Amino acid sequence: GDSLWTTPLFEGMGYESVGYAATFQSDSTILAVGGVVIPGAYVEVFLVQLDTTGQVLWTQLYGSANDDYGRSIDIAPDVAIYIGGDTRNYPGPDKDDYVLKTDADGNYLWHVSPGTAYDDPSAHVCALPDNGVLYVGAFINYEIGSASYSRLYARRYAPGGALVWDRKYGPTLFVQEL
């Protein structure tokens, strides 16, 4: 039950970070995603590659003038990296889902953040055999106060970022999400 190692990220930079997900990139590397608070700015998505002893090999940040969080990660057969998460739009309270694609070295390729007019849940990604990605979550139909009423939701994107299809499933219920 003890940790084999821990690795502080962004040490000495004055940043605070929260990791949300990790996966093996290969037998010798690990990828982790999360959100990092940049002082005087907003939260940005971080992607870090570590070796299996916890040494940081590289770090990439992705963001906008919003708070952006990486909450899920998967690797496509062509070794592209998909990150799912959310972005909070300012000045309003609206949060939208967020899907980001990078190459194997973490270089930005594209992202989408379609969202609804409501506070959407985070995107969760699953890379597909054709190198595209499946996003799952919820489609918010309406809100009453702070309570969201949604349907199960899935979107499929082609490797280049084009929307292939989107589907809503089941009835609209309180707190319904894949």
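Quick look at the numbers
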quantity	calculated
GNM result for the chain, Cα springs below 10 Å: residue of Tyr157, Tyr82, Tyr98 fluctuating most strongly	Tyr157
Computed over the chain: relative contact order in percent, which uses C-alpha pairs under 8 Å that are six or more apart	12 percent
The range 30-76 - percent relative contact order, Cα under 8 Å, separation 6 or more	38 percent
Distant alpha-carbon pairs in the range 12-114 (separation over 16 angstrom), percent	55 percent
Given charges at beta-carbon only (K, R positive; D, E negative), |dipole| of the range 1-75 in Debye	60 debye
Furthest towards positive pole of dipole, Trp110, Asn89, Gly137, structure part the chain, Cβ charges	Gly137
Candidates Ala104, Ala123, Ala32: whichever shows maximal mean-square fluctuation once the chain is modelled as a Gaussian network with Cα springs under 10 Å	Ala104
Among Asp96, Asp130, Asp68, residue whose mean-square fluctuation peaks in a GNM of the chain (springs only between Cα atoms under 10 Å)	Asp130
Largest-first principal axis extents of the Cα set of the chain (Å)	47, 40, 35
With DNA, RNA and ligands ignored, accessible area of Phe139 (1.4 Å probe; Å², nearest 10)	50 Å²
Per residue solvent-accessible surface (Å²) - the range 16-111, probe of 1.4 Å	44 Å²
Shape category assigned to the range 1-65 from the gyration tensor of Cα positions, a/c cut at 1.5	prolate
Accessible surface, 1.4 Å probe, highest first, among residues Leu152, Leu4	Leu4, Leu152
Carbon/sulfur fraction of accessible area - the chain, other protein chains in place, 1.4 Å, %	54 percent
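The values are calculated or read from the model by the stated rules, or taken from the named source; none is laboratory data. All values derive from a computational prediction rather than experimental measurement. Cβ atoms come from the backbone with ideal geometry, glycine included; neighbour counts cover every protein chain shown. In case anyone asks, the SASA skips ligands and DNA or RNA and just uses the protein heavy atoms, side chains included. Shrake-Rupley method; radii C 1.70, N 1.55, O 1.52, S 1.80 Å.
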